[in-house]
Ligand code: FNR
């Protein structure tokens with residue numbers, strides 16, 4: 001069985017190291033995982049007043065998530081939490097009330113230039129996803145400290161040990177997804 005993985009990059013930066021990490025995971029993934037990006041960059045700010053009339057960008061976000069078997073969050077840490085852009089996307093996806101789209105098998109990974117490797121942001125995000133009724137893949141954890149050139153623009157991992165680690169993580173994630181997706 002092939003599973004569609006909707007991945008969300010928490011950074012809007014054109015040079016995002018987390019986008020590079022997402023591309024690396026896509027390239028290293030087992031053949032039964034199809035990676036499709038769920039875009040968040042064009043979303044307006046969430047406003048509860050719009051729950052009865054979602055803007056097109058937010059409808060597209062929910063459609064993309066609903067079409068995914070599982071979700072993967074690849075996010076930087078901003079000020080010891082997740083970027084506002086990612087929280088905004090989560091708020092849209094969680095509503096309108098009673099139509100939460102986030103209750104899917106999910107995983108969280110991230111890259112940082114600091115040694116903490118997004119651990120604090122991931123902890124916050126997992127709390128949010130618990131509330132959002134997502135089933136979380138928790139082990140192993142990916143706290144990637146990004147050093148210059150570790151992953152190329154096209155998602156090639158230049159360090160053998162890191163590539164092997166990410167590959168093993170993907171195999172665990174694929175097994176978790178297979179076990180959690182009701183088909
Ligand atoms: C950061 N950065 C950062 N790093 C970290 O390890 N912990 C943190 O709390 C923060 N806080 C933070 C806030 C803001 C507003 C910015 C712009 C950056 C540094 C961060 O790891 C670095 O900029 C990464 O390159 C961000 O990931 P992307 O955007 O390249 O994917």
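The values are calculated or read from the model by the stated rules, or taken from the named source; none is laboratory data. Keep in mind it's a predicted model, so treat the numbers as computed, not measured. Neighbour counts are summed over all protein chains in view; Cβ atoms, including those assigned to glycine, are modelled from backbone coordinates with ideal geometry.
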Among (1) out of contact with any helix residue (DSSP H, G or I) (no Cβ under 6 Å at 6 or more places or on another chain); (2) in a helix (DSSP H, G or I); (3) surrounded by 13 or more Cβ atoms within 10 Å (Cβ to Cβ), there is one condition residue 63 misses while meeting the rest; what is its number?
(3)
Tell me yes or no: at least one residue of the range 81-100 is out of contact with any helix residue (DSSP H, G or I) (no Cβ under 8 Å at 6 or more places or on another chain), within 17 Å of residue 36 (Cβ to Cβ) and not in a strand (DSSP E or B).
no
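Scan the range 142-179 residue by residue and report those that are assigned to a loop (DSSP other than H, G, I, E, B), in contact (Cβ under 8 Å) with a residue 12 or more places away in the chain and in contact with a strand residue (DSSP E or B) (Cβ under 8 Å, 6 or more places away or on another chain).
Within the range 142-179, 142, 146, 150 qualify.
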How many residues are free of Cβ contacts under 8 Å to residues at least 60 places away in the same chain and more than 9 Å from the ligand (Cβ to nearest atom) when one looks only at the range 1-21?
2
Of the residues in the range 110-123, those that are part of a strand (DSSP E or B) and more than 7 Å from the ligand (Cβ to nearest atom) come to 110
Give the residues of the range 124-137 that are in contact with a helix residue (DSSP H, G or I) (Cβ under 8 Å, 6 or more places away or on another chain) and not in a helix (DSSP H, G or I), sorted by residue number.
132, 135, 136, 137
Candidates 53, 31, 24, 107, filtered to the one that is in a helix (DSSP H, G or I), more than 12 Å from the ligand (Cβ to nearest atom) and at pLDDT 95 or above
24
From the list 17, 8, 82, pick out the single residue that is modelled with pLDDT of 95 or more, over 24 Å from residue 174 (Cα atoms), surrounded by 14 or more Cβ atoms within 10 Å (Cβ to Cβ) and under 15 Å from the mean Cα position of the chain (by Cα).
82
